[in-house]
1. ALA337: net charge of surrounding residues, Cβ under 13 Å, Lys/Arg +1, Asp/Glu -1, itself excluded?
2. To the nearest 20 debye, what charge dipole does the range 174-283 have about its Cα centre, counting +1 at the Cβ of each Lys and Arg and -1 at the Cβ of each Asp and Glu?
3. Just need the relative contact order of the range 303-460 here, percent rounded to a whole number, with Cα pairs under 8 Å and 6+ apart.
4. With +1 on each Lys and Arg Cβ and -1 on each Asp and Glu Cβ, how big is the dipole of the range 130-206 about its Cα centre, in debye rounded to the nearest 20?
5. Once a ≥ b ≥ c are taken as the square roots of the eigenvalues of the Cα gyration tensor of the range 305-348, is the result rounded (a/c under 1.5), prolate (a/b larger than b/c) or oblate (a/b not larger than b/c)?
6. For a 18 Å ceiling on Cα separation, which of these pairs sit above it: LYS175/LYS212; LYS185/LYS240; LYS139/LYS185; LYS240/LYS323; LYS139/LYS178; LYS303/LYS329?
7. So who's got an amide H within less than 5 Å of the one on GLY418, skipping anything under 5 residues away but keeping other chains? H placed 1.01 Å off N, in plane.
8. Might you work out the accessible area of TYR92 for me, using a 1.4 Å probe with all protein chains in place, and round it to the nearest 10 Å²?
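The values are calculated or read from the model by the stated rules, or taken from the named source; none is laboratory data. What you see is a predicted model, and the numbers here were worked out from it, not measured in a lab. Methodologically, a virtual Cβ is constructed for each residue, glycine included, from the backbone with ideal geometry; neighbour enumeration extends over all protein chains shown. To get the accessible areas, we keep the full protein, side chains included, count just its heavy atoms, and leave off ligands, DNA and RNA. Shrake-Rupley method; radii C 1.70, N 1.55, O 1.52, S 1.80 Å.
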Amino acid sequence: MAHFLNDDLEYVADDYYDVTDFEDDPFGDEQSHKNDATDFEFEDDVDTSKPKTDTSAKEARNGKDIQGIPWERLNFTRDKYRETRLKQYKNYESLSRSHEELERVTSLFFFLSLYLRQCLEVEKGKTFYDFHFNTRLVKSTIVHFQLRNLLWATSKHDVYLMQNYSVVHWSSLLKRGKEVLNVVKPIVPTLKNPGLLAQTLSRVQISTMAVKEGLLVAGGFQGELICKNLNHPGVAYCTKLTTDENAITNTVDIYRNPSGSRRVIAANNDAQVRVFDAENFTCLNRFSFDWCVNNTCVSPDGKLLAVLGDSADCLIADAQTGKITGSLKGHLDYSFASAWHPDGRILATGNQDTTCRLWDIRNLSESLAVLKGRMGAIRAVRFTNDGRFLAMAEPADFVHIIDTQSGYSKGQEIDIFGEIAGISFSPDAEALFVGVADRTYGSLLEFNRRHFNQYPQTMF
């Protein structure tokens with residue numbers, strides 16, 4: 001994955017390109033975190049009063065933009081802005097295909113036609129999740145442009161997101177945010193274990209996080225790992241996983257092994273995956289690979305490990321031993337996202353080649369289907385716990401919800417403006433949350449699942 005020195009990396013909300021950047025290069029490209037383009041020609045009076053910062057479903061039905069962008073006060077329409085954005089957005093690629101496969105114009109057209117024929121035709125225009133609420137009282141921020149696992153929902157009403165140097169809990173019932181972890185101040189672990197390598201940390205730039213089963217785990221830009229029990233004060237455990245210079249913790253997750261024990265897994269730019277006991281945080285396993293590991297995902301039964309990184313190929317490994325059992329070939333660039341279907345048979349992988357590939361674990365020779373994004377890489381993928389829907393998020397502007405029961409052929413497209421810091425379904429699949437990182441319109445979007453209730457006709 002791309003690596004930036006700290007002096008060049010101030011990827012909190014104030015420095016990332018945003019929806020107020022427009023003209024010659026709207027929003028910039030994916031890796032640009034600064035943009036000198038002029039702002040919208042209006043003064044947006046942003047304060048913390050709900051009427052100005054929040055948008056309800058009723059207001060949206062009455063014509064208000066769900067993000068609160070006052071298009072009627074601008075000198076261009078939303079449709080015009082979208083058209084320009086689609087034309088000028090530049091997707092980041094780690095592997096250049098122009099030197100070999102795309103050397104001549106003729107080969108370019110051949111390659112593109114072959115590539116597009118692989119992609120599944122998805123019938124758009126469906127509505128599986130309705131817009132419910134948007135708040136700008138909390139807003140997501142991004143540390144690294146390729147890492148977007150910075151938002152997690154633990155219930156229909158409880159969401160955790162990264163905001164500058166804090167992890168914030170947002171209650172959709174109380175419409176209120178509360179800081180649960182501050183990583184600017186010194187972090188002193190409370191767990192006392194003489195055989196455990198724990199360190200005091202401070203001013204951590206959180207690059208990735210996961211919140212499950214009462215545990216919050218965060219990874220840092222300098223290789224940090226932080227574990228906090230949500231039911232207890234303080235931080236249970238924190239350390240630096242490695243002293244390597246290029247030491248970003250790219251992904252963390254919480255899972256159960258086949259015996260039911262809770263585990264924490266962390267993948268790092270030092271090409272290693274580490275597995276910890278979630279009770280005493282001792283390191284149980286360490287698996288090494290040939291390239292930086294950008295993402296890992298453990299199957300629902302705890303037996304298989306998907307490993308993705310700075311390679312066009314993805315790997316399947318034994319989650320207990322790290323032994324490679326399969327290789328997934330088909331992507332054209334580096335991968336940064338993965339998710340298992342709850343049945344454990346289908347794996348989804350998101351790639352910088354702007355596609356999400358679906359793999360049947362019973363036949364890894366080729367992908368089951370290829371889903372295409374609208375304009376950028378697929379940087380986050382999530383299945384609902386009931387397996388009915390797959391959500392995949394691009395770096396900015398688009399979240400796609402795919403109906404799995406239709407054979408992945410029907411979808412909903414959520415069209416917004418701004419960098420997407422993370423997506424998360426609630427465990428009951430009733431809500432979908434989208435974190436937007438933007439200087440002015442950074443926010444948390446909430447969508448509720450649509451139900452088609454049929455009532456029998458009754459004779460009176």
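1. On the way: positive: ARG148, ARG357, ARG379, ARG382; negative: ASP253, ASP333, ASP353, GLU394.
With Lys, Arg at +1 and Asp, Glu at -1, the net is 0.
2. It works out to roughly 520 debye.
3. Once divided by the residue count of the range 303-460, the mean separation gives 12 percent.
4. 180 debye
5. On the way: a/c = 1.95, a/b = 1.22, b/c = 1.59.
Since a/c reaches 1.5 but b/c is at least a/b, the shape of the range 305-348 is classed as oblate.
6. Numbers: LYS175/LYS212 22 Å; LYS185/LYS240 16 Å; LYS139/LYS185 21 Å; LYS240/LYS323 25 Å; LYS139/LYS178 12 Å; LYS303/LYS329 21 Å.
Result: LYS175/LYS212; LYS139/LYS185; LYS240/LYS323; LYS303/LYS329 exceed 18 Å.
7. Amide H neighbours of GLY418, under 5 Å, 5+ apart: ASP397.
8. 40 Å²
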